[in-house]
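Asks: Before anything else, here's the structure in question.
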Amino acid sequence: MSFTRLSLAAALASALGFGAQTAAAEELSVATFLPPQHHTNTGMFTWFAEEIERRSNGSLTMKLYPAGQLGAGPVQQYKRAVEGVADITFGVSGYTPKLFPKTMLAILPGKAETADQSTRAIWSVFDEHLADEYEDVKVLAVGTVAGNLLASTRDVSTMEGLKGAKLVPFAAMTTPIVEALGAVPVQMPVTEMYTGLSTGTIDATTASYNNITMPWNFWDVSSHIVENVPTTFAVTYAVMNMERYMSLSDEHRAIIDEVSGLPMSIELARSFDGADERSKELIANTTDKNFQWVVVSDEERAKMDAAVSEGLEVIFSDYESRGISDVRAIYDALNK
């Protein structure tokens, strides 16, 4: 009798899916070099965790490993995803530009002014022009940070002021643009820019509003914050190990497919734009500023835009010399 009751209970549990759910439970590891409180973690990855858990009734979850716990530094993040060091990684395309030459075109100044606008532009051309750069992984998100300010220790709101200024761009590929503006490009990770400004190693750096306030605090070491400059972008990504993705059940893969791509990328962009909006409010409400806020005049902005056009031509020619003949078509598609 006991055996019969046990067998019936097991059969019932199987029919209700309890046994299958337990066996199929999956936890995805997520590696990022950013600290736990960074808005990509509290924004995009929190959204992702909530979505996959809700849609799977708790059978698909994620665990975040921030601050380089699964490998120090941002440069190897894509490789860590390909090799399965983590199931999912977050990285910056500009640290490995040779892997993403076409994606990097989204960095360049164009029509977009915000992370949301630039991210939507990327996904409007992704399948046709960019997807082949990510064949080794499952793409979850590709989105941008807007660099629409210059934080500096001198007035760089004019072409004359930019002349000879040691300027950190968002990416090395924009070197021809920086040089056309009359400045001297200096490559430096964001973690070193505060010190660079304070010691005079650099005169200016491309920045977002979020860089000005906490946690980066560029306003502590800048005499000028310059607005209305040509906007450049940093392209970021969240990608998943392909073997891990394929090992999931059909149900779990379907959930990943539903949330990845444009939906998750918009959450990524929202995390950056949201951080900028919070910093704008903080800047506006701060009365004891020790820097001067300068808005570039229309006349000087026109000169800057002309210099940008010169720099773009150099960049396009370089791409064409490397066999990427459709570079202008991709750029134009990103800036419709």
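Asks: Compute the signed sum of charges (Lys and Arg +1, Asp and Glu -1) over the other residues within less than 14 Å, Cβ to Cβ, of residue 71. Let's see the in-between values first.
Replies: Numbers: positive: 79, 80; negative: 83, 87.
Result for the local shell: 0.
Asks: Using only the Cα atoms, what convex hull volume per residue in Å³ does the chain have? Display every interim value, and only then the final one.
Replies: Values: hull volume 48.5 nm³, N = 336.
Cα convex hull per residue, to the nearest whole number: 144 Å³.
Asks: Next question. What net charge do the residues around residue 151 carry, taking every other residue with its C-beta under 15 Å from that of residue 151, with Lys and Arg at +1 and Asp and Glu at -1?
Replies: Numbers: positive: 154, 166, 280, 289; negative: 155, 192, 203, 220, 227, 276.
Net charge around residue 151: -2.
Asks: Shape of segment 241-318 from its Cα gyration tensor (a ≥ b ≥ c, root eigenvalues): rounded if a/c is under 1.5, otherwise prolate when a/b > b/c, or oblate?
Replies: In terms of gyration-tensor shape, oblate.
Asks: Would you mind getting the accessible area per residue of segment 277-336, heavy atoms of the protein chains only, 1.4 Å probe, in Å²? Could the numbers behind the result be given before it?
Replies: Working: 3770 Å² over 60 residues.
That works out to 63 Å² for each residue.
Asks: Where only protein heavy atoms count, and the probe is 1.4 Å, what is the accessible area per residue for segment 46-131 in Å²?
Replies: Numbers: 3800 Å² over 86 residues.
On a per-residue basis, segment 46-131 sits at 44 Å².
Asks: First check a/c for segment 28-121, with a ≥ b ≥ c the square roots of the eigenvalues of its C-alpha gyration tensor; if it is under 1.5, answer rounded, and if not, answer prolate when a/b is larger than b/c or oblate otherwise.
Replies: Oblate, because a/c is 1.5 or more while a/b does not exceed b/c.
Asks: May I ask you to list the aspartates and glutamates whose Cα is less than 13 Å away from that of residue 289, ignoring any residue fewer than eight positions away on the same chain?
Replies: Partners found: 220.
Asks: Rounded, prolate or oblate: which fits segment 203-336, taking a ≥ b ≥ c as square roots of the Cα gyration tensor eigenvalues, rounded meaning a/c under 1.5, else prolate when a/b beats b/c?
Replies: Working: a/c = 2.86, a/b = 1.31, b/c = 2.18.
Oblate.
Asks: Of 102/138; 111/166; 163/303; 111/303; 79/102; 111/138, which ones are farther than 22 Å apart at the Cα?
Replies: Values: 102/138 18 Å; 111/166 26 Å; 163/303 13 Å; 111/303 17 Å; 79/102 18 Å; 111/138 29 Å.
Going by Cα-Cα distance, 111/166; 111/138 fall outside the 22 Å limit.
Asks: Based solely on its DSSP helices, what 222 nm [θ] is calculated for the chain when runs of n ≥ 4 H residues each add -39,500 (n - 2.57) and the sum is averaged over all residues, nearest 500 deg cm²/dmol? Don't skip to the answer; put the middle values down first.
Replies: On the way: 14 runs with 146 residues, N = 336.
The per-residue figure over the chain is -13000 deg cm²/dmol.
Asks: A further question follows. At a 1.4 Å probe radius, carbon and sulfur cover how many percent of the accessible area of the chain?
Replies: Details: 8160 of 15290 Å².
Carbon and sulfur atoms account for 53 percent of the accessible area of the chain.
Asks: Follow-up. Provide the per-residue ³J(HN,Hα) series for segment 191-202, in order, calculated from phi with Karplus coefficients 6.51, -1.76, 1.60 and θ = phi - 60°, each as a whole number of Hz, with x at glycine and proline positions.
Replies: Each residue of segment 191-202 in turn: 5, 10, 5, 4, 5, x, 5, 6, 9, x, 4, 10 Hz.
The values are calculated or read from the model by the stated rules, or taken from the named source; none is laboratory data. Since we're looking at a predicted model, the values are computed, not measured. All Cβ positions, even for glycine, are placed from backbone atoms using ideal geometry, and neighbour counts span all protein chains on display. We work out accessible area using only protein heavy atoms, side chains counted, and drop any ligands, DNA or RNA first. Shrake-Rupley method; radii C 1.70, N 1.55, O 1.52, S 1.80 Å.
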